[in-house]
Amino acid sequence: MTATWTRPETTAGPRPARPRTARQLPAALAIKARLRNGELFTERLPATGHRRIHLALLHGASDGYVELAAGPRPPGGKVRFITRKDPGHFLPGGATATVGWLEALLELAARHDRRGDELAVAPAVRSVRGAAKRHVTHTNWLWIDVDGADHLPEVKRFLRRKPAHLVVESAGSGGVHCYWRLREPLQAHPETLLLPGIARGSGPAIAGLTGDMIERAHERLIYALGYTWRNGTPIPTIADRACKDRSRVMRLAGSVNGKSGNHARVMWADLALPGWSLRDLIGDLPDPPTATPARRRADARVSHEDPYKRIAPVEYFHRLARIDVPQHGLVSCPNPLHDDATPSCHVGSDASEGWCCHGCGAAGAIYDLASVVLGGPTGRWLRGEEFRRARDHVRRTLGAA
């Protein structure tokens, strides 16, 4: 049975977030679910009920730590999850035999909600109290993040082929998060690249699935939804390419999205659907196409009034980030917040192509790289004082151009 959820309950476009007062009660939010006995449940539940369902489904079988991230959103800015280094935000999951594990998570969420913080939960299990990739050894779920209501028809078509156990409306621009429960835990780096239960030496679990198993599995889901080519690089057009990160946190249902002021909610939960085997879920999905950077003529020149913007990415990566770019153009991401063990950053062959990380989404040209190295933003968020800091760093490091 496939999900029959309806269009997200959002207003026509995001509205400025309003400060909540103690008198404002959480809204009753619509939910549709299939119960374990196959009966359909359609009701409106308070925000706390949506939080409970989301956390219980994701982590009722987790045998490690659950990360609950929280933080404020500056006016007009992006949410800042400030708890990711706080051990108190990594609590035991349901398989640890800890009495009251769910209530502890809910109370932590409620405490931050009262402060006006935004909330997110990590779908994958943490082996220790830490937020980095190295702290994630396995997952019981795979997931995708789709931004924007315009893409919902494509998502629904995909879910007819690969029904999800959980669909959460993120309450920002009308997008959704989809989750698939796995029959067996998926290891990030198993000793052998075999499916659970297959004897050693029986052959690969999934053709082409090597390296970080969790992230490669996510890549198949992300690119199966749709992609386009840009400067010889395949770019996902529907699912967020950054959601492949196994240490990713996703918005918690029943919490407020400060960008819109709306509550995220569980749109669809299927308790009767068996867990997916890895082979059945992604075995028939191809790996992402290989990037083939477009090569310009040897005598081609980039015309720009700023001489620094005429410098080739290979050169400014070497000088600004101390990264030597190989012939195929893939390097580990220079973003210090991205633990990129498997190189996912593509560096173009000349200044017109720039660079782009397919893991965390950081991208741009020379000043964007300087900003990332300094721990700053890229793209349209690089402006004002942040841009001046990046430009000055380029001038000091490269000298006169």
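Descriptive notes on the structure:
- Residue within the range 128-143 that is among the hydroxyl-bearing types (Ser, Thr, Tyr) and under 25 Å from Leu221 (Cβ atoms) present: yes
- Qualifying residue in the range 340-350 (condition: surrounded by fewer than 21 Cβ atoms within 10 Å (Cβ to Cβ), assigned to a loop (DSSP other than H, G, I, E, B) and more than 19 Å from the chain's Cα centre (by Cα)): yes
- Residue, surrounded by the fewest Cβ atoms within 10 Å (Cβ to Cβ), within the range 351-371, restricted to residues that are part of a strand (DSSP E or B) and on the phi < 0 side of the Ramachandran plot: Ala363
- Among (1) part of a loop (DSSP other than H, G, I, E, B); (2) under 20 Å from Asp117 (Cα atoms) - the single one Leu55 does not satisfy: (1)
- Restricting the range 60-83 to residues that are in contact (Cβ under 8 Å) with a residue 60 or more places away in the chain, outside any loop (DSSP other than H, G, I, E, B) and over 16 Å from the mean Cα position of the chain (by Cα), the residue that is nearest to Asp113 (Cα to Cα): Val66
- If only residues of the range 89-105 that are touching a helix residue (DSSP H, G or I) at 6+ places or on another chain (Cβ under 8 Å) and in a helix (DSSP H, G or I) are counted, the one that is farthest from Ser62 (Cα to Cα) is His89.
- Subset of the range 106-127 (residues that are in a helix (DSSP H, G or I) and within 21 Å of the chain's Cα centre (by Cα)): Ala109
- Taken over the range 305-322, residues that are buried (at least 20 other Cβ atoms within 10 Å of the Cβ) and free of Cβ contacts under 8 Å to residues at least 12 places away in the same chain amount to 0.
- Of the criteria (1) over 17 Å from the mean Cα position of the chain (by Cα); (2) in contact (Cβ under 8 Å) with a residue 40 or more places away in the chain; (3) surrounded by fewer than 21 Cβ atoms within 10 Å (Cβ to Cβ), which one Val99 fails: (2)
- Taken residue by residue, the range 92-99 has at least one member that is out of contact with any His (no Cβ under 8 Å at 6 or more places or on another chain), more than 26 Å from Gln187 (Cα to Cα) and not assigned by TED's automatic domain parsing to the domain that holds Gly376.
- Residues that are modelled with pLDDT of 95 or more and touching a Pro at 6+ places or on another chain (Cβ under 7 Å), drawn from the range 83-102: Trp101
The values are calculated or read from the model by the stated rules, or taken from the named source; none is laboratory data. Small disclaimer: the values here were computed from a predicted structure and weren't measured. Quick reminder, even Gly has a Cβ in these numbers, built from the backbone with ideal geometry, and neighbours come from all protein chains shown.
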